[in-house]
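As structure tokens, the structure follows; a few thoughts come after it.
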Amino acid sequence: MNPKEWWKETVVYQIYPRSFKDSTGSGVGDLNGVTEKLDYLAELGAGVIWLSPVYESPNVDNGYDISDYLSIMKEFGTMADFDRLLSEAHRRNIKIVMDLVVNHTSDRHPWFIESRSSRDNPKRGWYIWRDGYKGPDGKTGVPNKLESVFSGPAWKYDEKTGQYYLHLFASAQPDLNWANLDVRNAVFDIMNWWLDKGIDGFRMDVIDAIHKPESAVAVSGKDAETCFGSPGVHGYLKEMRRKVLAGRDIMTVGECSSATVKTARLFAGSGGSELNMVFQFEHTWIDHDKQFGKWRPLPYKLSRLKEILSRWQTGLYKKGWNSLYWDNHDQPRAVSRFGDDSTEENRVRSAKMLAACLHMMQGTPYIYQGEELGMTNMPINSLDGLNDVEIFNAYRELVEEKKLLTRDEIMTGIKKLGRDNARTPMQWNTSANAGFTTGKPWMKVNPNYKTINAASQIHDPESVFSFYRRLIRLRREYPVIVYGDYKLLLPGDEKLFVYRRRHEGKTLFVLCNFSGEKAAAPAIPEFKKAEKSGKLLIANYNEDGPRGGIRPWETRVYLT
Ligand code: GLC
């Protein structure tokens, strides 16, 4: 693979269409809404849009349960609207990457409807059907103890044919059987169809789970091996490269929660035999509890966050390619999680600091809608007004059924780390519903939209938006940001995240204060030199700081 690639030099903007911009007053965002905002994205400098799923779907998991891969969800518009979006984006030099959700389909997909209709239907083998396990007590239950990511068993009994089907996510998301060649070819046909239309690539949903190891699907009554990261996945991806991706100038990114630096070199190695890059998850688990995950948030240590991100930086240098992200539709808002949204000053300051910390690293940065405004978590006090199937299932299992967490305990988790935090409507301006819709929004707008919105930021040189725009420009201007090597400085410091990048005689110093307190300036000679004679590329305090001290949430980037 050529070391220089357009997808290494660009910045991706993720759109969750349901919450981005409603052009009809239905209360739900749509494709024409996205087209309407292309100039905004061009102004920001985004080179690629990753569009969360826009296909026909019953929306049990907001489009991540697809019932027809070749048509557009009616609420979002028509295929003609999509074609117009694609050509209008291309006219502005913005590429479009589609979300490919092919680990599972919706249970309303015609494939599954056929598959469940009888044991000898030709599509029976397109999904994973098993008999129940008969225990020593003579009772029959789930085939094994595999658990769903969305709580409870990963197997659901289907009355009609008396067997269980596998669903790693919600029961309305049955897993496809990738071991079946017809399934693989059907998926590859769909991919080729979209690529032939002119889209620029795919973000592949839970792609590391498509291969099911034997023990995960065996009728054993026992614990089962995880499906995430089973080595067999690499064979499927190589086949996908041969049958679909090879010879096309596109971008691919796989969502791979199982990825380690080592396996990422296979998924997204510089040999280019599988994907261009993966989303790894290690840093997103930093504040999760071992037993209860996100439902019991824990404090995290900066030194640990630095260790994780730095290991990925150095581990993939010249061996693969990173994707860089804090936010997406599955994560809470970064400024509320790693920064401070309790005062306006700190919100703006820490949103910029987090942006600089990420965008100066090696990899392709992803911005999730609203992140460029410093949008925050939403106030959550009860389940009312929430929408996320993951939250509802966890509540049912952990609080109601197993009584492992109290209501208050899980509400703390939902508030801090629940996915709905990221799914509130985009805050465009100060008019009703933040300018997202003229109707009743499908999900409540965050009440802070009067302060935090795009209209007030676009023309303000001090805004979070302007800061993101500058970061994106810097990436285009300075190859050291894209191609430089990486070294973490002060690994043990619990306030400062400092690193150095080097490329062709240029050195970049990135300094970030991850705390609301002052910190001593790093006692590193190279840094002192940069401070004295380097060029300050970007910073989040205007006035020159007191020498020798780093201010709350401060960031500075020097070039020497
Ligand atoms: C991925 C998506 C998430 C979805 C899940 C099941 O993790 O990002 O939103 O719920 O897959 O498709």
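The length gained on full extension between Arg304 and Glu517, counted as 0.36 nm times the residue separation minus their Cα-Cα distance, comes to 74.8 nm.
Charge tally for Arg423 (other residues, Cβ to Cβ under 12 Å; Lys, Arg +1; Asp, Glu -1): -2. Counting every alpha-carbon pair across the chain, the share separated by more than 32 Å comes to 45%.
Rolling a 1.4 Å probe over the heavy atoms of the protein chains gives the range 110-166 an accessible area of 53 Å² per residue. Cross-link partners of Lys450 among aspartates and glutamates, defined as those whose alpha carbon lies under 18 angstrom from its own and excluding same-chain residues fewer than eight positions apart: Asp341, Glu344, Glu345, Glu371, Glu372, Asp460, Glu462.
Provide the FRET efficiency to the nearest 0.05 for the Arg311-Ser26 pair, computing r from the beta carbons and using R0 = 30 Å. For Arg311 and Ser26, the calculated efficiency is 0.10.
Kindly flag which residue pairs out of Lys145/Lys416; Lys506/Lys529; Lys318/Lys495; Lys290/Lys495; Lys306/Lys529 have an alpha-carbon separation exceeding 18 Å in this structure. The answer is Lys145/Lys416; Lys318/Lys495; Lys290/Lys495; Lys306/Lys529.
Secondary structure note: in the chain, about 60% of the DSSP beta bridges are antiparallel. Solvent-accessible surface of the range 1-97, averaged per residue with a 1.4 angstrom probe and all protein chains in place: 32 square angstrom.
Summing charges over neighbours of Glu397, with a neighbour being any other residue whose Cβ is under 13 Å away from its Cβ, gives -1 when K and R count +1 and D and E count -1.
Counting only protein heavy atoms and a 1.4 Å probe, the range 313-408 has 32 square angstrom of accessible area per residue.
Straight-line reach from Lys74: taking Cα to Cα under 19 Å and skipping same-chain neighbours fewer than 8 places apart, the lysines in range are Lys21, Lys440.
The range 320-395 and the range 14-61 have Cα centres separated by 18 Å. Spatially close Lys pairs in the range 174-243, defined by Cα atoms under 27 Å apart and a spacing of eight or more places or different chains, total 5. Normalised by residue number, the volume inside the convex hull of the Cα atoms of the range 314-399 is 138 Å³ per residue. With K and R counted +1 and D and E -1, the other residues having a Cβ less than 10 Å from that of Ile250 yield a net charge of 0. The lysines whose alpha-carbon is closer than 16 Å to the alpha-carbon of Lys160, local same-chain residues fewer than 8 away aside, are Lys123.
Axis of helix 464-477 versus longest Cα principal axis of the chain: the two differ by about 90°, to the nearest ten degrees. Taking all Cα-Cα distances within the range 485-559, those exceeding 19 Å account for 27%.
Using C-alpha pairs under 8 Å with a sequence gap of at least 6, the mean separation divided by the residue count of the range 492-543 gives a relative contact order of 26 percent.
Helix-only arithmetic for the chain: the sum of -39500 (n - 2.57) across DSSP H runs with n ≥ 4, divided by the residue total, places the mean residue ellipticity at 222 nm at -8000 deg cm²/dmol. Taking every Cα-Cα distance in the range 148-286 and sorting them into 5 Å bins starting at zero, the pair-distance distribution P(r) comes out as 2, 9, 17, 21, 19, 15, 10, 5, 2, 0 percent.
Relative contact order for the chain: 13 percent, from Cα pairs under 8 Å spaced at least 6 residues apart, divided by residue count. Please tell me the relative contact order of the range 121-163 in percent, rounded to the nearest whole number, where contacts are Cα pairs under 8 Å and at least six residues apart. Taking the mean separation of contacting Cα pairs over the length of the range 121-163, I get 29 percent.
Taking the Cα centre of the range 207-305 as origin and assigning +1 to Lys and Arg Cβ atoms and -1 to Asp and Glu Cβ atoms, the resulting dipole is close to 140 debye. Shown for the chain: the carbon plus sulfur share of the solvent-accessible area, taken with all protein chains present and a 1.4 angstrom probe, equals 51%. Where does helix 407-417 land angle-wise versus the long Cα axis of the chain, in degrees 0 to 90, nearest 10? Helix 407-417 and the main axis of the chain meet at about 60 degrees. For the range 186-202, backbone phi angles converted through the Karplus equation (6.51, -1.76, 1.60; θ = phi - 60°) give residue-by-residue couplings of 5, 5, 5, 4, 4, 4, 5, 4, 5, 5, 5, 5, x, 5, 10, x, 9 Hz, Gly and Pro being listed as x.
Of the peptides 25-33, 126-134, 216-224, the ranking by mean beta-carbon count within 10 Å, highest at the top, reads 25-33, 126-134, 216-224.
The values are calculated or read from the model by the stated rules, or taken from the named source; none is laboratory data. Everything quoted here is computed from the prediction, not taken from an experiment. Here the Cβ is made from the backbone with ideal geometry for all residues, glycine too, and neighbour counts use every protein chain on show. Remember, those area values only see protein heavy atoms, side chains included, never the ligands or the DNA or RNA. Shrake-Rupley method; radii C 1.70, N 1.55, O 1.52, S 1.80 Å.
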